[in-house]
Amino acid sequence: MTEDTPFIILAIGGSDSGAGAGIQADLKAISAMGGYAATVLTAVTAQNTVGVQSVHHLPIELVEAQIQAIVSDMSIAAVKTGFLGRSEIVRLIADQTPGGLPLVVDPVLVDSAGHQIVDDATIETYLQVLGPAATLITPNFREAALLSGLPVDDVAAMEEAASSLSDELGTAVLVKGGHLGGEMAVDILVSNGDTSRLTSTRIDSPNVHGTGCSTASAIALALAKGERLDVAVAKTKSWISESIAMAAGWRIGSGQGPINPFGPNQDPSL
Ligand code: PXL
């Protein structure tokens, strides 16, 4: 590996045809931050800024073949997972991704309207198999409620769900409150028993589709570079805020559009 070879992040998730979220968001975020994203698709969605029209889950053999193609050839520095969709895919990812690397699991369990989009067996497999293998799991507040079994409708409840989940899984947990409303966007990080609140001013923009995917991808890259978890999370939060601000005037479609990860000044240390 030459010195200028970028860190390679294995991003596993679904395609968003509107390119706001999913693998397309991962590819943009990781590229914008100077990494290289290898992309394993689990599903193809037909969607735009208005919503998801259909989902096609790829056969498990094809998901496995993609992972093998990557890990047999490339030196992966971290793994990030997004939409996995089905219990057997969650299990496959836990079995097949290389160990000993930072693993950031964004458990995509609800759609942007807040409806559950995976079955209960899939949630159970996250709890039993993939969550415990993760370095960090990054549910939004609705997903934190589903995973912890606790109601989550304010910041105090986010803290309770985050620490309960962190205790149960034995991993660090970042609960994102961006969609909770209010003047501030508050996230909760629980790591090694320590709870911290990360706050930023809410930016008025219709374009926040894919912020979860982009956040988990940027954190995975920062961890690959050896950044401490709390620092990686804090830097990523301010980068996401800037990426939202840089796309606030965009009108890519009539609904919730993408952010602009290429807009912010890149921090060379991230
Ligand atoms: O933002 C979560 C997400 C992840 N992956 C895919 C998606 C979405 C949300 O729409 O479509 C493929």
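The values are calculated or read from the model by the stated rules, or taken from the named source; none is laboratory data. In this text, all values refer to a predicted model and were calculated from it rather than measured experimentally. Just the protein is used for accessible areas: all its heavy atoms, side chains included, with ligands, DNA and RNA removed. Shrake-Rupley method; radii C 1.70, N 1.55, O 1.52, S 1.80 Å.
A few comments on the model shown:
- Here the 3J(HN,Hα) profile of the range 45-61, calculated from phi with Karplus coefficients 6.51, -1.76 and 1.60 at θ = phi - 60°, is 10, 9, 7, 9, 6, 8, x, 9, 8, 7, 10, 10, 7, 7, x, 4, 5 Hz, Gly and Pro shown as x.
- Mean separation of Cα contacts under 8 Å (6+ apart) over length of the range 8-246, as relative contact order %: 18
- Binning the C-alpha pair distances of the range 161-255 at 5 Å intervals from 0 yields a P(r) profile of 2, 13, 22, 23, 20, 11, 6, 3, 1 %, listed from the shortest bin outward.
- Sequence-distant residues sharing a close amide H with ALA172 (under 5 Å, placed H): ILE137
- The figure for ASP204 is an accessible area of roughly 150 square angstrom, using a 1.4 Å probe on the protein chains alone.
- Listed residues ASN140, ASN207, ASN48, most fluctuating in the chain (Gaussian network, C-alpha, under 10 Å): ASN48
- Table column - 3J(HN,Hα) (Hz), the range 8-21, Karplus curve with 6.51, -1.76, 1.60, x for Gly and Pro: 9, 10, 8, 9, 10, x, x, 7, 10, 4, x, 6, x, 10
- Aspartates and glutamates whose Cα lies under 16 Å from that of LYS80, excluding same-chain neighbours fewer than 8 positions away: ASP26, GLU64, ASP95, ASP106, GLU227
- For the range 211-270, radius of gyration divided by Kirkwood radius, i.e. Rg to Rh on alpha-carbons: 1.02
- Here the range 8-246 is treated as an ellipsoid with the same Cα gyration tensor; its semi-axes, largest first and in whole Å, are 24, 19, 19.
- Under 5 Å, built H, 5+ apart or other chain: amide partners of ILE259: HIS209
- Accessible area of the range 124-263 belonging to carbon and sulfur atoms, whole % at 1.4 Å probe: 50
- A simple rule links phi to the HN-Hα coupling: the Karplus curve 6.51 cos²θ - 1.76 cosθ + 1.60 with θ = phi - 60°, which for the range 23-40 gives 4, 5, 5, 4, 4, 5, 4, 5, 5, 4, 8, x, x, 10, 9, 8, 10, 9 Hz, with x for Gly and Pro.
- Candidate lysines - alpha carbon under 16 Å from LYS235, same-chain residues fewer than 8 apart omitted: LYS176, LYS225
- Highest mobility in the GNM of the chain, judged by mean-square fluctuation with C-alpha springs under 10 Å and restricted to MET158, MET33, MET74, is found for MET74.
- Taking N as the residue count of the range 96-147, its C-alpha radius of gyration divided by 2.2 N^0.38 Å amounts to 1.16.
- Summarising the amide proton neighbourhood of VAL108: residues at separation of 5 or more, or on other chains, whose placed amide H is nearer than 5 Å comprise LEU84.
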